[in-house]
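What follows is a set of notes on a single structure, which appears directly below.
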Ligand SMILES: [Zn+2]
């Protein structure tokens, strides 16, 4: 069965998630933006074998620790989409701008595309490309667990910012309505910041994307 634990990391309280298969204890970490020692302490406490890094997008609070973690443990970096290459290239500048520890540059082992799958132990998650906040933003979805890790696409009561280079509001709204809503009203999503919610709740109450 698929399990997960969300850990707020960095000064931005970014929701890094450990995801694992409880038959094999194989784990992946989604968006290790920083605080690697906190993340690795949880991996150890839970008795997991961390084998992969998955990225939703390449903003500093989500990807800032990925390069160092990959190098320290010899892990592959999977995702985000190629459209975020310029954000990866800009990580050193992002870390300076926001007062983060220096970010180590990296090249993803595998870029992700809409319709791809990623696997941890015996659990497979689907990948959806959800541009708008960043052009290469992807989301990880487990139909069995009815959970979606949506990064900065959608929040409880809000949506991702689109005022960055290559952000686009209409594209973000289309990603949410066309790619997240079909996952079902009862699917719980884990946003990049703040509490979990369900797509059904956002369709009823989120002022940016509620059904008319
Ligand atoms: Zn972001």
Which of the numbered conditions does residue 171 fail, given that it passes all the others? Conditions: (1) more than 16 Å from the chain's Cα centre (by Cα); (2) part of a loop (DSSP other than H, G, I, E, B); (3) surrounded by fewer than 19 Cβ atoms within 10 Å (Cβ to Cβ).
(2)
Residue that is surrounded by the fewest Cβ atoms within 10 Å (Cβ to Cβ), among those in segment 183-201 that are touching a residue at least 24 places away in the same chain (Cβ under 8 Å) and more than 23 Å from residue 55 (Cβ to Cβ):
186
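Residues of segment 115-136 being in a loop (DSSP other than H, G, I, E, B), out of contact with any helix residue (DSSP H, G or I) (no Cβ under 7 Å at 6 or more places or on another chain) and in contact (Cβ under 8 Å) with a residue 24 or more places away in the chain, which ones?
Kept after step one, since they are in a loop (DSSP other than H, G, I, E, B), are these residues of segment 115-136: 115-116, 121-122, 130-136.
Filter once more, keeping what is out of contact with any helix residue (DSSP H, G or I) (no Cβ under 7 Å at 6 or more places or on another chain): 115-116, 121-122.
Answer for segment 115-136, where residues must be in a loop (DSSP other than H, G, I, E, B), out of contact with any helix residue (DSSP H, G or I) (no Cβ under 7 Å at 6 or more places or on another chain) and in contact (Cβ under 8 Å) with a residue 24 or more places away in the chain: 121, 122.
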Would you be able to say whether some residue in segment 12-25 is part of a helix (DSSP H, G or I) and either in contact with a helix residue (DSSP H, G or I) (Cβ under 7 Å, 6 or more places away or on another chain) or surrounded by 15 or more Cβ atoms within 10 Å (Cβ to Cβ) (or both)?
no
Name the single residue, out of those in segment 34-57 being assigned to a loop (DSSP other than H, G, I, E, B) and farther than 20 Å from residue 118 by Cα, that is farthest from the ligand (Cβ to nearest atom).
47
Of the conditions (1) surrounded by 15 or more Cβ atoms within 10 Å (Cβ to Cβ); (2) within 16 Å of the ligand (Cβ to nearest atom), residue 165 clears all except one; give me its number.
(1)
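Looking at this structure, is residue 32 surrounded by 15 or more Cβ atoms within 10 Å (Cβ to Cβ), in contact with a helix residue (DSSP H, G or I) (Cβ under 9 Å, 6 or more places away or on another chain) and at pLDDT 95 or above? Can you show your working first?
On the way: surrounded by 15 or more Cβ atoms within 10 Å (Cβ to Cβ): yes; in contact with a helix residue (DSSP H, G or I) (Cβ under 9 Å, 6 or more places away or on another chain): yes; at pLDDT 95 or above: yes.
Criteria met by residue 32.
Listed residues 161, 204; which is out of contact with any helix residue (DSSP H, G or I) (no Cβ under 8 Å at 6 or more places or on another chain), modelled with pLDDT of 95 or more, part of a helix (DSSP H, G or I) and farther than 27 Å from residue 22 by Cβ? Quick ask: steps written out before the conclusion?
Values: 161 fails: part of a helix (DSSP H, G or I).
Among 161, 204, only 204 is out of contact with any helix residue (DSSP H, G or I) (no Cβ under 8 Å at 6 or more places or on another chain), modelled with pLDDT of 95 or more, part of a helix (DSSP H, G or I) and farther than 27 Å from residue 22 by Cβ.
Within the group 67, 83, which residue is in a helix (DSSP H, G or I) and closer than 22 Å to residue 170 by Cα? Quick ask: steps written out before the conclusion?
Working: 67 fails: closer than 22 Å to residue 170 by Cα.
Answer to the selection: 83.
Results for (1) in contact (Cβ under 8 Å) with a residue 12 or more places away in the chain; (2) touching a strand residue (DSSP E or B) at 6+ places or on another chain (Cβ under 9 Å); (3) surrounded by 20 or more Cβ atoms within 10 Å (Cβ to Cβ), shown as yes or no for each residue.
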position: 56; (1), (2), (3): yes, yes, yes
position: 69; (1), (2), (3): yes, yes, yes
position: 74; (1), (2), (3): no, no, no
position: 77; (1), (2), (3): yes, yes, yes
position: 87; (1), (2), (3): yes, no, yes
Out of all the residues in segment 93-103, is one or more surrounded by 19 or more Cβ atoms within 10 Å (Cβ to Cβ), modelled with pLDDT of 95 or more and under 21 Å from residue 166 (Cβ atoms)?
no
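The values are calculated or read from the model by the stated rules, or taken from the named source; none is laboratory data. This one's a predicted model, so the numbers in the text were calculated from it and none came from an experiment. Please note: Cβ atoms are built from the backbone with ideal geometry, for glycine as well, and neighbour counts cover all protein chains shown.
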